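Below is one structure; the comments refer to it alone.
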Amino acid sequence: MRSWSRGIFVLLYLALLLKIEGLKFHRSEHTERISDSAGSCSEMDVFWGNLGNVGGYKYLVLEALLKIHLASLMNPKFYRDIVVVNPAGDVLEDNPVGRLKVFVYELPSKYNKKILQKDQRCLNHMFAAEIFMHRFLLSSAVRTFNPEEADWFYTPVYSTCDLTPNGLPLPFKSPRMMRSAIQLISSNWPYWNRTEGADHFFIVPHDFGACFHYQEEKAIERGILPLLQRATLVQTFGQRNHVCLKDGSITIPPYAPPQKMQSHLIPPDTPRSIFVYFRGLFYDVGNDPEGGYYARGARAAVWENFKNNPLFDISTEHPTTYYENMQRAIFCLCPLGWAPWSPRLVEAVIFGCIPVIIADDIVLPFADAIPWEDIGVFVAEKDVPNLDTILTSIRPEEILRKQRLLANPSMKQAMLFPTPAQSGDAFHQILNGLARKLPHDKSTYLKPGEKSLNWTAGPVGDLKPW
């Protein structure tokens with residue numbers, strides 16, 4: 001039966017190649033695009049008609065896809081013979097237990113638990129890493145109750161859990177909240193004062209981290225909260241040469257609900273019949289009515305150049321089959337929005353869809369452990385109009401290599417904050433990042449009477465009591 005089905009597929013493959021060659025020969029440069037309401041035309045006729053209108057390279061893409069599927073059915077050894085070396089080695093599987101000890105400050109519940117009680121939506125939004133990291137550390141083997149033996153100190157503040165009715169975090173109270181927590185620990189414990197936070201870490205998953213604003217211009221104007229200048233910041237925001245990313249920060253993935261994604265898994269042998277997939281905003285009319293500022297125009301360029309391209313399945317609509325569609329796609333666009341990062345990056349990795357990263361100078365999560373250059377495709381923002389040519393020029397063998405790397409369970413696990421925690425997950429990657437910073441440099445500890453932080457620096461509004 002298997003050989004019979006393979007034979008049928010070969011015949012179909014040859015027939016399609018003949019169809020392609022015929023279309024190549026007969027294609028006219030001025031053929032009108034066939035609309036979706038084309039009378040009695042079948043979907044296949046519409047598909048072929050679209051291909052005939054959008055350029056010869058589309059035929060090469062279809063041929064490449066057919067060859068990939070043919071190889072997988074006719075010769076599974078084709079996959080095995082492609083040697084894939086994980087450049088990250090065993091770093092993703094490092095075990096941080098025994099390499100560091102963390103002291104968790106016990107703060108009044110108004111800084112964390114009571115905030116969450118007011119709005120349970122904080123557990124599901126993309127900034128929720130601060131909540132789950134706190135819960136993880138409370139029962140982690142790296143936790144110590146003796147601060148004298150601690151390598152790191154953690155202050156559990158839920159700074160993104162003040163949400164609008166639409167579920168977006170309001171960062172305006174966050175600086176005062178953070179200042180209040182730091183004042184508390186510096187008054188009640190001696191450990192902050194001996195280093196001014198240099199052996200402390202904070203989870204700051206805002207759009208622009210500890211700059212505490214969702215608009216880049218205002219975030220740059222604010223800068224990182226002065227009291228956090230010596231601390232290690234664990235944040236989703238990462239962009240080289242940016243005032244909101246200081247040296248020594250640990251860039252992490254945004255939170256994406258593991259259980260929800262697990263419930264939408266489809267059989268792994270499902271064909272990837274979508275070439276390029278994206279769902280999301282192209283324009284933010286409410287916050288950028290004139291256009292061009294949102295996503296630095298990159299998303300607008302995607303829409304304007306490829307909205308009618310049959311190889312690009314892109315829309316603002318968010319279907320219930322969103323996760324399933326990502327598993328049917330070869331490439332998933334991950335463009336910047338207001339910030340360079342988004343949960344699409346996590347979703348693409350989890351669902352084995354090659355992430356197409358469009359965000360100049362982005363610093364990606366756990367870049368010292370995850371080989372992003374090998375699993376993704378990087379496209380400069382200025383090159384978005386050439387996105388079709390860039391993606392169709394990638395050799396099938398390279399696509400297969402990237403897909404095999406993405407299939408590595410360690411790669412997927414590193415992007416998730418699961419409950420309960422699992423070996424190699426994002427929690428452990430954060431701890432590994434902290435462990436790799438040890439032992440602390442001598443400059444971590446201040447000399448008697450030495451001070452470097454200015455407690456009165458920053459906007460006047462940040463200095464008000466919280």
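Please enumerate the residues belonging to segment 162-176 that are open to solvent by 10 Å² or more (accessible area, probe 1.4 Å) and of a type outside the set (Gly, Ala, Ser). Spell out how you get there, then give the answer.
Of segment 162-176, the ones open to solvent by 10 Å² or more (accessible area, probe 1.4 Å) are 162-170, 172-173, 176.
The answer is ASP162, LEU163, THR164, PRO165, ASN166, LEU168, PRO169, LEU170, PHE172, LYS173, ARG176.
Here is a list: PRO257, PRO271, PRO267. Which entry is free of Cβ contacts under 8 Å to residues at least 24 places away in the same chain and open to solvent by 10 Å² or more (accessible area, probe 1.4 Å)? Walk me through it before giving the result.
Working: PRO257 fails: free of Cβ contacts under 8 Å to residues at least 24 places away in the same chain; PRO271 fails: free of Cβ contacts under 8 Å to residues at least 24 places away in the same chain.
After applying the criteria, what remains is PRO267.
Please work out which one of (1) assigned to a loop (DSSP other than H, G, I, E, B); (2) in contact with a Leu (Cβ under 7 Å, 6 or more places away or on another chain); (3) crowded, with 24+ Cβ neighbours inside 10 Å is the condition PRO340 fails and give its number.
All conditions pass for PRO340, except number (2).
Of everything in segment 177-194, what is closer than 16 Å to VAL104 by Cβ and open to solvent by 10 Å² or more (accessible area, probe 1.4 Å)? Give them in sequence order.
The first filter runs over segment 177-194 and keeps only residues closer than 16 Å to VAL104 by Cβ, leaving 181-182, 184-185, 188-189, 191-192.
Those that are closer than 16 Å to VAL104 by Cβ and open to solvent by 10 Å² or more (accessible area, probe 1.4 Å): LEU184, ASN188, TRP189, TYR191.
Restricted to segment 96-128, and to residues that are outside any helix (DSSP H, G or I) and polar (S, T, N, Q), which residue is least open to solvent (accessible area, probe 1.4 Å)?
Kept after step one, since they are outside any helix (DSSP H, G or I), are these residues of segment 96-128: 96-108, 112, 119, 124-128.
Narrowing the set further to residues that are polar (S, T, N, Q) leaves 112, 124.
Working: ASN112: 5, ASN124: 105 Å².
Per the stated criteria, the residue is ASN112.
For residues in segment 129-150 being over 15 Å from PHE201 (Cβ atoms) and either part of a loop (DSSP other than H, G, I, E, B) or in contact with a Cys (Cβ under 8 Å, 6 or more places away or on another chain) (or both), which is least open to solvent (accessible area, probe 1.4 Å)?
Within segment 129-150, the match that is least open to solvent (accessible area, probe 1.4 Å) is ILE131.
Within segment 430-457, how many residues are in a helix (DSSP H, G or I) and closer than 29 Å to ARG176 by Cα?
Residues of segment 430-457 that are in a helix (DSSP H, G or I), as a first pass: 430-435, 442-444.
Retained after the next criterion (residues that are closer than 29 Å to ARG176 by Cα): 430-431, 433-434, 443-444.
So the count comes out to 6.
Residues being of a type in the set (Gly, Ala, Ser), more than 15 Å from PRO156 (Cβ to Cβ) and in contact with a Pro (Cβ under 9 Å, 6 or more places away or on another chain): count how many of those fall in segment 170-217.
1
Show the residue pairs that are 6+ apart or on different chains and have beta-carbon atoms under 8 Å apart, the first residue being within segment 232-246 and not assigned by the TED database to the domain that holds ILE357 and among the basic types (Lys, Arg), the second being open to solvent by 40 Å² or more (accessible area, probe 1.4 Å) and part of a loop (DSSP other than H, G, I, E, B).
Here the result reads ARG240/ASP361; LYS246/GLN229, each pair linking segment 232-246 to a residue that is open to solvent by 40 Å² or more (accessible area, probe 1.4 Å) and part of a loop (DSSP other than H, G, I, E, B).
Does segment 369-408 hold any residues that are of a type in the set (Gly, Ala, Ser) and either surrounded by 14 or more Cβ atoms within 10 Å (Cβ to Cβ) or in a helix (DSSP H, G or I) (or both), and which are they? Talk me through it step by step, then tell me what you get.
From segment 369-408, those of a type in the set (Gly, Ala, Ser) are 369, 376, 380, 393, 407; that's our starting set.
Selection gives ALA369, GLY376.
The values are calculated or read from the model by the stated rules, or taken from the named source; none is laboratory data. Remember, it's a predicted structure, so these values are computed and weren't measured experimentally. Counting neighbours? That spans all protein chains shown, and the Cβs are built from the backbone with ideal geometry, glycine included. When the accessible area is computed, the model is the full protein with side chains, heavy atoms only, and any ligands, DNA or RNA have been set aside. Shrake-Rupley method; radii C 1.70, N 1.55, O 1.52, S 1.80 Å.
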